[in-house]
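Scroll down for the structure; my scribbles are underneath it.
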Amino acid sequence: MNYIESNYSAQAFIHQNRENSGVLFFNSGLTGFLKAALPIQTVKSVNYGTKSHPRVREVNLQILQGAMAQEQRLCPSCQQPLVKSGSPVIALNHLPIGNSYTQLQIVRPRLRCLNSGCVFNTYTIKIPFKDERHRITKQLRNYVKDLLVWGLTLKSTAFITGLDKMVVKAIHKEILEEKYTYEGKLVAKAGKIFNRPELKG
């Protein structure tokens with residue numbers, strides 16, 4: 001069996017899609033992500049009104065399909081080569097491009113040891129650019145934080161990025177905890193931090 005993931009070279013990719021104009025290649029910053037095909041173009045319905053007064057708008061959605069690069073790995077227990085045992089797919093929201101939301105659909109090889117006497121469990125390839133708490137990329141999380149710090153509301157930030165308002169709210173809470181935590185507690189007023197005796201001259 002072949003356990004090695006395949007990937008298009010840029011030259012072969014362009015050759016196979018010569019009839020499609022406007023193809024751009026640039027460094028995405030997504031370490032280890034191997035893009036497999038042209039983006040899937042679809043639309044997503046977004047309500048930027050309220051439940052009682054909905055204002056639904058269709059926004060373009062680009063789905064980028066690919067896989068994580070598979071490195072040659074040895075079993076940490078018996079040092080035998082690991083082989084692929086399934087390929088689960090995870091979807092991550094990524095930075096919007098122009099007027100389109102972006103989603104990554106990533107195949108992650110699951111590896112296991114062929115040694116029947118080995119106690120090693122299966123191992124799934126890690127995604128270095130995935131945010132720890134949410135199914136979004138670290139780049140999108142940083143973008144959300146920038147928008148909130150610049151003064152945008154939770155609702156506006158959610159609409160710009162295509163994220164659920166509860167995800168944006170959770171990231172906003174992280175900002176507040178980083179900025180206004182004193183002695184392990186989130187203070188009610190920012191002034192309490194600056195009135196600490198040790199900070200007075």
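Listing for the model above:
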| item | result |
| --- | --- |
| Links that overshoot a 19 Å alpha carbon limit, given the list 44/155; 35/165; 138/169; 126/169 | 35/165; 126/169 |
| Neighbour-count order for 46, 89, 167, fewest beta carbons within 10 angstrom listed first | 89, 46, 167 |
| Residues 173, 35 arranged by fewest to most Cβ contacts within 10 Å | 173, 35 |
| Segment residue 42-residue 179, length gained on full extension (0.36 nm per residue, minus Cα span) | 45.4 nm |
| Ranked 182, 123, criterion: other C-beta atoms within 10 Å, fewest first | 182, 123 |
| Alpha-carbon centroids, the stretch 116-177 and the stretch 53-114: separation in whole Å | 15 |
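Laboratory data are not the source of any read-out in this text; all were calculated from the coordinates shown. The shown structure was predicted, so the numbers you read here are calculated from the model rather than taken from an experiment. As a convention, Cβ positions derive from the backbone with ideal geometry for all residues, glycine included, and neighbour counts pool all protein chains shown.
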